[in-house]
């Protein structure tokens, strides 16, 4: 993640037309190659880009990703500029520019102090110290909701710095420099809660003066925080903290004048980064980290928390649904992290997150995936679902890399099956046109090669209608008591009594056939959702909603009732007179006409075919469940009733054999059904092979 993010950043920011630039970057990043593959001008361009890079981990924890990216940047600088000549020059140029802006005049004394400090950093310490110190001060930022995590992250950076200091026996404190103060680099805050957006006023000459004064004070605040970063003694630190507080208060007063609410202004004034136990229940990059990140972050990287909204307090849950357009249903807070991160990236900035693999296909992520497809460039998806990235993990992961730019066409897909794939870069790879994700159910991020599958899908739909144009598709009854704390078991019996209904559960359904679970005392006035008798007492196709990768459809003509573990398919023409609202709301004359053109036996053979099972796995499956909305989207070929008779006869043979003995081998007849379906769609030999290989 670190390497790919930095490589992509440098590709966008170095403007190199040199052939093989990316290959040279990868050699530069390698720990096995010692030689700098770039000429002097390109080397300077890369160093300059790194110097301006702004990197954020918005849920940094103990700082693993920020530390990883620091080490990689130091490694790169060491190769490009082993004597730190250009890196030191850039730090001096920055010091001169910042002191001029902060004080609006050439403050020679302050400038000299800054330049002397830079000389000391580079001359009296191991070369990596100067690289690390200025990368930490100017490039790397972290946020976490837990103050203790922020303290641990800062400690890691302290240790990383102190090991690169030289020891001088003849100097005070052995010449060891005071550790930098990282309070404005790593902040304890709630990343997902923003300040209320103000209605800023413009046009008035006095307002323009106010904006200029805000910018001036903000620059002074930045300079104060630089001084604090390097402050050596407690008296200095307290002095700078006092000046920081004064400037925050002055800025907050001016913000109210230009349209900010008093609540916003109070929060900004009260934000005290120097209080080790302070936690801000809001986050705004520019006010916490300074004007340098006002145009966004170059790289946002990390492993955001995975917490289902049902496990959050009601206030936070309400906030997420009201302020994040991509949060819906049983969403997870990492969905909000993705949306926020894209908003605070700079133009061409890169987001790199490791998140649950479920993000690629679950319904709760559909709005987020659509947002990424429509607005941004999905650069890469790394599927690690066959390999647990984290030791003792229970969640399968994927890594997404998104660029804050328009769609550039193709998304790189990588699949990792073992740790060696990461070490040796031996991923299984393919690519997909980003727009093709929109052709998949809920905009799923499919990582298997689907280019051929999409062509087959297109051919199928050129000759098909949806199953819900032929059948009503609905869950069975929820049989628990609607008001008493009683489960469905009180209504189910082993032995028949007058008025009881034959009953089955999902687990009783196999392909083509089903078995009886027991007898149901059907009490529609008591059940939580009794559905309606016509759903059960009309001939129907039934199937189970927990399927993993194999669909199972059976045909019921014996009026079996069933629970919500079963999904029912009833032809519209057979249920046209039912008065239940579910029927009346969805039925139409056209659906009745279409339904009358199909026989149940044909539908049963088709739905149990390899073609439908392949379609389900490619375009509808989320690895475990098969929902009514999925079934509604199944393709049913447009075929005359007369031509359906051939399959009807074959299906009758399968049913006869299964009723004799459920273990009877019917593969010969099922193969005939598959071939019939292939011929309906005029599949080529290659297309048949693709379907068969599932």
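Points to keep in mind about this one:
- The largest-to-smallest principal axis extents of the Cα set in segment 475-585 are 35, 31, 28 Å.
- Cα convex hull volume per residue for segment 590-654 (Å³): 100 Å³
- Cα→Cβ-extended label distance, 7 Å offset, between residue 495 and residue 466, nm: 4.8 nm
- Gain upon complete extension [residue 648, residue 431; 0.36 nm per residue less C-alpha separation]: 74.0 nm
- Cα-based shape type of segment 644-694, given that a ≥ b ≥ c are square roots of the gyration tensor eigenvalues and the cut on a/c is 1.5: oblate
- Shape of segment 314-358, Cα gyration tensor, a/c cut at 1.5: oblate
- Rg/Rh ratio calculated on Cα atoms of segment 18-126 (Kirkwood radius): 1.03
- On full extension, the segment bounded by residue 546 and residue 261 gains 97.4 nm, given 0.36 nm per residue less the C-alpha separation.
- Cβ-Cβ distance of residue 281 and residue 638, R₀ of 45 Å, FRET efficiency by 1/(1 + (r/R0)^6): the value works out to about 0.15.
- The label point for residue 124 and the one for residue 478, both projected 7 Å from the Cα toward the Cβ, are 7.3 nm apart.
- Among 575, 148, a tally of other beta-carbon atoms within 10 Å of each Cβ gives an order, fewest to most, of 148, 575.
- With respect to the chain, whose longest principal axis is taken over its alpha-carbon atoms, helix 40-52 is tilted by about 80°.
- Given R0 = 35 Å, the distance between the Cβ atoms of residue 363 and residue 292 translates into a calculated FRET efficiency of 0.35.
- Maximal additional length on extending the residue 559-residue 250 stretch stands at 103.5 nm, based on 0.36 nm per residue less the C-alpha distance.
- Sorted by Cβ density within 10 Å, fewest first, the residues 287, 519, 461: 461, 519, 287
- Between 0 and 90°, nearest 10: helix 641-660 axis offset from the chain longest Cα axis: 90 degrees
- Centroid-to-centroid separation of segment 648-694 and segment 332-355 [C-alpha atoms, Å]: 47 Å
- Rounded if a/c under 1.5, otherwise prolate or oblate - segment 231-309, Cα gyration tensor axes: oblate
- Most tightly packed first, judged by the mean number of other beta-carbon atoms within 10 Å of their residues, the peptides 261-271, 536-546, 595-605 read 595-605, 536-546, 261-271.
- Among 114, 593, a tally of other beta-carbon atoms within 10 Å of each Cβ gives an order, fewest to most, of 593, 114.
- Over all pairs of different C-alpha atoms, segment 464-692 has a mean inverse distance whose reciprocal, the Kirkwood radius, equals 18.4 Å.
- Cubic angstrom per residue, convex hull over Cα atoms of the chain: 220 Å³
- For the pair residue 459 and residue 97, label points projected 7 Å from Cα toward Cβ lie 5.9 nm apart.
- FRET efficiency for residue 31 and residue 521, using Cβ-Cβ distance with R0 set to 51 Å, rounded to 0.05: 0.10
- Antiparallel bridges, percent of DSSP beta bridges restricted to segment 464-692 (to nearest 5): 85 percent
Quick note: the coordinates plus some simple rules give every number you see, no bench work behind them. Just so we're clear, the structure is a prediction, and the values are computed from it rather than from any experiment. Cβ atoms come from the backbone with ideal geometry, glycine included; neighbour counts cover every protein chain shown.
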